[in-house]
């Protein structure tokens with residue numbers, strides 16, 4: 001009855017201590033009625049104060065739990081499942097059917113929660129995975145997409161329109177890091193509305209997030225698309241917020257380095273971050289100014305593992321690349337497939353820095369896959385000859401090939417046992 005539901009809701013919210021004064025038989029009867037109309041949340045709140053579920057028929061609990069499961073109400077199901085006897089719990093196939101329905105609606109978190117509660121491992125078919133990718137991309141949830149990929153092993157394929165919708169959703173919510181993650185799923189160009197970036201600038205500036213907004217624009221190919229830098233220039237010069245200049249230059253096509261007074265350049269240098277110094281070395285119109293800060297920029301670049309700043313300090317500022325510093329940066333360049341930096345380093349050193357053989361072979365294999373014409377440059381920059389067999393194996397691992405992963409685990413286990421015997 002609605003009046004009693006209202007009474008229980010009032011007590012739960014305003015005077016939960018009075019729940020224990022109510023007759024147990026009456027509470028049990030009302031609990032069964034609440035479960036019959038799927039008011040599970042209210043039942044849960046009452047049960048936190050008074051244990052009445054042990055007086056409700058298990059079949060009533062089971063029926064309510066199954067309706068919650070079939071209705072995609074994961075929280076309700078998980079609560080009720082804790083009170084079900086084993087004989088009345090849903091069988092694994094019914095749980096897996098719930099997984100499929102949840103994923104087709106983009107509820108990857110629900111699948112994870114349900115799996116943790118029931119212990120039934122999700123098995124995701126290709127059709128369900130692809131539908132989930134579409135829904136999750138449009139919702140702007142790159143982490144959930146990766147979770148589904150791990151469950152299913154299905155290659156992530158997302159339509160441009162779904163990616164665009166998700167990117168715009170994230171941009172409106174000021175979630176710039178997630179935008180960069182979502183952009184990594186593109187296999188084709190996706191045009192975003194520049195006006196949305198323009199509208200995000202005041203919020204990002206207020207929260208100190210302009211650099212992340214600029215990174216999101218760059219990731220989506222929307223950088224240097226805006227017009228109207230002059231208004232921001234006046235604001236920054238009047239407030240002294242010189243740290244905004246790198247991001248603003250990345251966003252505005254009409255940003256002009258000649259418009260910045262000497263005081264602005266000095267202010268950016270004084271910030272002293274790798275991003276600020278990168279901006280100076282990229283944009284200052286007079287080579288003499290960056291040169292005076294080359295050694296400082298070089299040291300900061302090495303400490304921050306900022307390869308581009310190190311390269312700029314050397315090529316534009318005249319700093320000398322030192323072998324120990326290059327060694328510290330070399331494997332990062334291999335992992336990021338940064339061929340240009342590796343060529344820069346090898347041109348300036350007497351010997352190529354040492355690196356793990358498998359890291360070098362993976363780098364060569366990735367260059368060969370992306371740009372076969374550059375494989376000769378890559379081999380010269382690393383001083384290594386491509387091993388096609390090793391490269392294919394490493395690429396398979398990178399691509400998440402289950403067979404390749406099983407093989408390498410077997411090999412590593414065998415090597416470990418051999419070493420132990422020795």
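Does residue 410 satisfy the condition of being loosely packed, with under 11 Cβ neighbours inside 10 Å, at pLDDT 75 or above and not in a helix (DSSP H, G or I)?
No, not satisfied.
What residue, of 277, 233, is under 27 Å from residue 291 (Cβ atoms), in a helix (DSSP H, G or I) and at pLDDT 95 or above?
Of the residues listed, the single one that is under 27 Å from residue 291 (Cβ atoms), in a helix (DSSP H, G or I) and at pLDDT 95 or above is 277.
Residue under question is residue 359, and the condition is that it be surrounded by fewer than 19 Cβ atoms within 10 Å (Cβ to Cβ) and closer than 23 Å to residue 393 by Cβ; does it hold?
It is true that residue 359 is surrounded by fewer than 19 Cβ atoms within 10 Å (Cβ to Cβ) and closer than 23 Å to residue 393 by Cβ.
Is there any pair with a first residue in the stretch 176-189 that is within 15 Å of residue 160 (Cα to Cα) and a second that is modelled with pLDDT of 90 or more and surrounded by fewer than 16 Cβ atoms within 10 Å (Cβ to Cβ) whose Cβ atoms are under 7 Å apart and which are 6 or more apart or on different chains, and what are they?
Taking only residues 6 or more apart or on different chains, the pairs are 188/160; 189/221.
Kindly check whether there is at least one residue in the stretch 287-302 that is within 32 Å of the chain's Cα centre (by Cα), farther than 28 Å from residue 206 by Cβ, in a helix (DSSP H, G or I) and without any contact (Cβ under 8 Å) to a residue 12 or more places away in the chain.
Among the residues of the stretch 287-302, at least one is within 32 Å of the chain's Cα centre (by Cα), farther than 28 Å from residue 206 by Cβ, in a helix (DSSP H, G or I) and without any contact (Cβ under 8 Å) to a residue 12 or more places away in the chain, which makes the answer yes.
Only residues that are surrounded by 16 or more Cβ atoms within 10 Å (Cβ to Cβ), farther than 17 Å from residue 79 by Cα and more than 23 Å from the chain's Cα centre (by Cα): list them for the stretch 100-125, please.
100, 101
Is it the case that residue 128 is within 22 Å of the chain's Cα centre (by Cα) and either without any contact (Cβ under 8 Å) to a residue 24 or more places away in the chain or surrounded by fewer than 22 Cβ atoms within 10 Å (Cβ to Cβ) (or both)?
Spelling it out, residue 128 is indeed within 22 Å of the chain's Cα centre (by Cα) and either without any contact (Cβ under 8 Å) to a residue 24 or more places away in the chain or surrounded by fewer than 22 Cβ atoms within 10 Å (Cβ to Cβ) (or both).
Kindly provide the set of residues from the stretch 12-28 that are under 25 Å from residue 78 (Cβ atoms) and free of Cβ contacts under 8 Å to residues at least 12 places away in the same chain, ordered by number.
Once the filter is applied, which keeps residues that are under 25 Å from residue 78 (Cβ atoms) and free of Cβ contacts under 8 Å to residues at least 12 places away in the same chain, the stretch 12-28 yields only 13.
Please state which of the following conditions residue 124 fails to meet, knowing it meets all the rest: (1) modelled with pLDDT of 95 or more; (2) over 18 Å from residue 168 (Cβ atoms).
Unmet condition: (1).
Taking residue 163 as the residue in question, decide whether it is in contact (Cβ under 8 Å) with a residue 40 or more places away in the chain, surrounded by 13 or more Cβ atoms within 10 Å (Cβ to Cβ), within 27 Å of residue 126 (Cβ to Cβ) and in contact with a helix residue (DSSP H, G or I) (Cβ under 8 Å, 6 or more places away or on another chain). Show your work before the answer.
Values: in contact (Cβ under 8 Å) with a residue 40 or more places away in the chain: no; surrounded by 13 or more Cβ atoms within 10 Å (Cβ to Cβ): yes; within 27 Å of residue 126 (Cβ to Cβ): yes; in contact with a helix residue (DSSP H, G or I) (Cβ under 8 Å, 6 or more places away or on another chain): yes.
So residue 163 fails the test.
The values are calculated or read from the model by the stated rules, or taken from the named source; none is laboratory data. Please read these numbers as outputs of a predicted model, since none were measured by experiment. Note: ideal-geometry Cβ built from the backbone for every residue, glycine included; neighbour counts use all protein chains shown.
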